[in-house]
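Contents: one structure, followed by commentary.
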Amino acid sequence: MAALQKREAEQQHGRQVRPAEPEWFVELGIGDGRPPAEVHMGGCYAAGKRRRPVGRDEARRLLASGVRACSHCQPDTALDILDLPTRPALSATAR
């Protein structure tokens with residue numbers, strides 16, 4: 001009984017001291033320097049494991065520089081960015 005109460009107290013403490021979810025984060029690519037691959041809103045279920053939190057200004061800068069916006073959480077819409085640079089579509093021969 002005491003062990004159960006101790007475990008529940010530890011779990012409660014863990015929930016209280018857990019850092020808040022970042023408002024924005026960037027998913028990082030694979031390879032040398034781990035370049036930014038995609039910008040997400042905090043809590044996005046479609047993001048991968050390689051990520052780092054960013055501020056609102058950096059998220060806007062990354063999107064404006066051509067980093068892809070997540071199509072699920074749509075951070076570009078939430079940040080009121082209307083004209084993003086488009087990446088050329090892959091041709092049938094490049095695939």
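The values are calculated or read from the model by the stated rules, or taken from the named source; none is laboratory data. Treat the numbers as computed from the prediction; the structure is a model and nothing was measured. A quick note on method: Cβ atoms are made from the backbone with ideal geometry, for glycine too, and the neighbour counts reach across all protein chains shown. Heads up: the accessible areas ignore ligands, DNA and RNA and are worked out on the full protein's heavy atoms, side chains in. Shrake-Rupley method; radii C 1.70, N 1.55, O 1.52, S 1.80 Å.
Summary of values
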item: Rg/Rh (Cα only; Kirkwood hydrodynamic radius) as it applies to the chain; result: 1.19
item: Surface per residue (accessible, 1.4 Å probe) for the stretch 22-85, Å²; result: 60
item: Accessible area of the chain belonging to carbon and sulfur atoms, whole % at 1.4 Å probe; result: 52
item: Max mean-square fluctuation residue, GNM over the chain, Cα-Cα springs under 10 Å, options 46, 69, 20; result: 20
item: Net dipole in debye of the chain [+1 Lys, Arg Cβ; -1 Asp, Glu Cβ; about Cα centre; nearest 20]; result: 380
